[in-house]
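The values are calculated or read from the model by the stated rules, or taken from the named source; none is laboratory data. Every value quoted in this text rests on a predicted model; they were computed, and no experiment measured them. Cβ: placed from backbone, ideal geometry, glycine included. Neighbour counts: every protein chain shown. Heavy atoms of the whole protein, side chains included, go into the accessibility calculation; ligands, DNA and RNA do not. Shrake-Rupley method; radii C 1.70, N 1.55, O 1.52, S 1.80 Å.
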Amino acid sequence: MVMSCLRLVVILISSIVVFTSCGGYEAAQKAYSLGEYDKAAKLFNAAQKGEKNKSRVAEECFLLGECYRRLGMTSKAAVAYQKAVRLHYEDDVAILRLGDAYRALGKFDEANAAYTVYSDRHKTDLRTGVGQASVNMAKSQWAELNPKSNAATDSGYVVKPFTEINSKFSDFCPVFVGDAFDVVYFSSMRMQKKKKKANKITGQANSTIYMSRVDARGKWTYPEPLEEPFGAKGMDDGVAYVSPDGRTMLFTRCPLTEQDGSPAQTYEMKREGGRWSDPVRVTPGGDSTLMVAHPTLSPDGQTLFFVSDCEKGGFGGLDIWKSLRNVDGSWGPAQNMGAMVNTIGDEMFPYVRQDGTLYFSSNGHRGYGGLDLYKATEREDGRLEVVNMGLPINSTGDDFGITFMGMTEEGLFSSNRGNAKGYDNIYSFYLPPVILTIEASVGLSGKLAFANPTPDSAKPEATSTAKKSTTKKSSSPKTTKSSKSDTKKSTAKRASTFRPAPDAFVRIVGSDGTNVKLKTSPEGKVSFVAEKNVNYIILAGAPGFANKRTELSTEGLNKTQTISLTALLDKIE
């Protein structure tokens, strides 16, 4: 639903098209041109069923797919695009859209086939390369992406629906108010009153800003809409920013007349006497024709980041721009954030953390499907490096509108994952502490040192057991029943004949400066708490026995794990 919520951006860019007034689908064309996707979908559905002209049906099916895409109904969009392509719709973008829909549905072979056809016809279009790279990434992690799977993800984040404030309608773009993180503003399209009419764009209520706070019992209160000036008739309000001190607020407002869409606008308010002041429109460079949406400020309040469709200096679609505050408090000319951030696709929903790190959503960078969340950090050369935030923060749906609790790895974001209607919900996330434990067992091999050693005897065996994750399936060939039985017997035999080495020790040297020598227990065991992203050299030894050496890296380990090592020492004669 993110592409249609707030009428924010897409009304002006992707939905204002020139139609010829022809046949019974004139009403559907008008609804689509106004961005009324819910209404237009119903009309296109009815129109194409009674139409005999195949080229007209192809056009109606494509536009029906566009409606469903913007409403977040990926399965229905795929069916509509597929029919449009089958009827030879004149614009090849239908093939590209079909590939995107297949990718989001996990139909990777079909997606690649569609991208290949489009690429053969449009060799210079970069979108197919991004699409195919995204397919490969998503395909390799489909077990984690599939909502029906219990497979573990590898980023370490724990993600849960924020059920305390979610409704059966779209709730999105949360923002914490104050440094206690006990008040949340968020945008919602919930229909609380029966007298509220459904929005023709989304089939839900107009968006407005709601608030929830933690009460004396530590529970989040039932969300209530903010008072005036929010909730005005004919307006969509949302995607707000609130300064850390809670005294400045920016938000997006999308006015709409019956005839045409107006540019998404950003307004600023100040907190005075317990109430918000009248909203004042923000116009970077004094340009009132510029679309300014999804506002956020830098930690010092001197840089405004926003989303716009400005073609001059843009990269296509929606881009993230910035504006510097002038001495008089006004905002300077808009500056594009550049090619490291912006693409030919859409970049939206910027958020700047306290340390200056930029987060945003995009469907133009390599991702898992729909909008993905990305992190942009500044390198030593001053350029920005953009990294996908991975699973389970991202999904095959639209993931956007992230906010953190200060500098902790905890916060909220929005997603329409797993929702058949494409409605958005708010999710909480946190990164639990990672505890990596090395457990070493030092025993006797029963062999003489330097007596024709085998390659396997040169280093200890190592196994890793993730206590909070599901082990991925092995890609090794299947074993027969007899070989499995033999393996179990061999393992049991080794376990039963393990003899601890007397007076054994383990020395651990790490690339972080660690250098410790630990004595084993009478059972031949020793335990050590390791750090993340460190390379270790581990030496096992005992008086009268040859040392055994192994190397171990904890780079990329983001979950609590116990790493088990076994060293069998050879006696020196």
Normalised alpha carbon radius of gyration of the stretch 98-142 [divisor 2.2 N^0.38 Å]: 1.04
Per residue, in Å², the accessible surface of the stretch 107-175 once ligands and nucleic acids are set aside, probe 1.4 Å: 52 Å²
Percentage of interatomic Cα-Cα distances in the stretch 198-237 larger than 12 Å: 64 percent
Stokes-Einstein D for the stretch 45-180, Kirkwood Rh over Cα pairs, 20 °C, 1.002 mPa s (µm²/s): 124 µm²/s
Cα-based convex hull, the stretch 118-242, per residue volume (Å³, whole number): 223 Å³
Translational D in µm²/s for the stretch 206-343 (Stokes-Einstein at 4 °C, 1.567 mPa s, Kirkwood Rh from C-alpha pairs): 80 µm²/s
At R0 = 51 Å, FRET efficiency that the Cβ-Cβ distance of ILE572 and ILE435 yields, to 0.05: 0.90
Value in Å of the Kirkwood radius, where the stretch 151-190 supplies the Cα pairs that are averaged: 12.3 Å
Estimated distance in nm for a label pair at TRP142 and SER55, the labels positioned 7 Å out from Cα along Cα-to-Cβ: 3.8 nm
Backbone HN-Hα couplings from phi across the stretch 37-50 [Karplus 6.51/-1.76/1.60, Hz, Gly and Pro as x]: 5, 5, 5, 4, 4, 4, 6, 5, 4, 5, 5, 6, 6, x
Per-residue HN-Hα couplings for the stretch 550-560 [Karplus 6.51, -1.76, 1.60; θ = phi - 60°; Hz; x = Gly/Pro]: 9, 10, 9, 10, 9, 5, x, 7, 10, 10, 4
Ordering of 163-170, 119-126, 332-339 by burial proxy (mean other Cβ atoms within 10 Å per residue, highest first): 163-170, 332-339, 119-126
GLN192 versus LEU384: modelled label distance in nm, points set 7 Å from Cα along the beta carbon direction: 3.6 nm
Rg and Dmax [Cα atoms of the stretch 328-443; Å; Rg one decimal, Dmax integer]: 17.6, 75
Nitroxide proxy distance, nm - points 7 Å out along Cα→Cβ at LYS168 and ASP182: 3.3 nm
Contour minus Cα-Cα distance for VAL93 and THR124 (0.36 nm per residue): 9.8 nm
Rel. contact order, % - alpha carbon contacts under 8 angstrom, at least six apart, the stretch 509-573: 29 percent
Potential extension, LYS447-SER75 segment - 0.36 nm per residue separation minus Cα distance: 127.6 nm
Estimated FRET transfer efficiency (ASP503, ASN533; beta-carbon r; R0 30 Å; 0.05): 0.35
Segment SER553-THR408, length gained on full extension (0.36 nm per residue, minus Cα span): 49.6 nm
Over the stretch 224-308, relative contact order from alpha-carbon pairs under 8 Å, at least 6 apart, %: 23 percent
Over the stretch 302-360: Rg over Rh, Cα atoms, Kirkwood Rh: 0.98
Measure of compaction for the stretch 356-410 (Cα Rg per 2.2 N^0.38 Å): 1.15
The stretch 303-357 - percent relative contact order, Cα under 8 Å, separation 6 or more: 36 percent
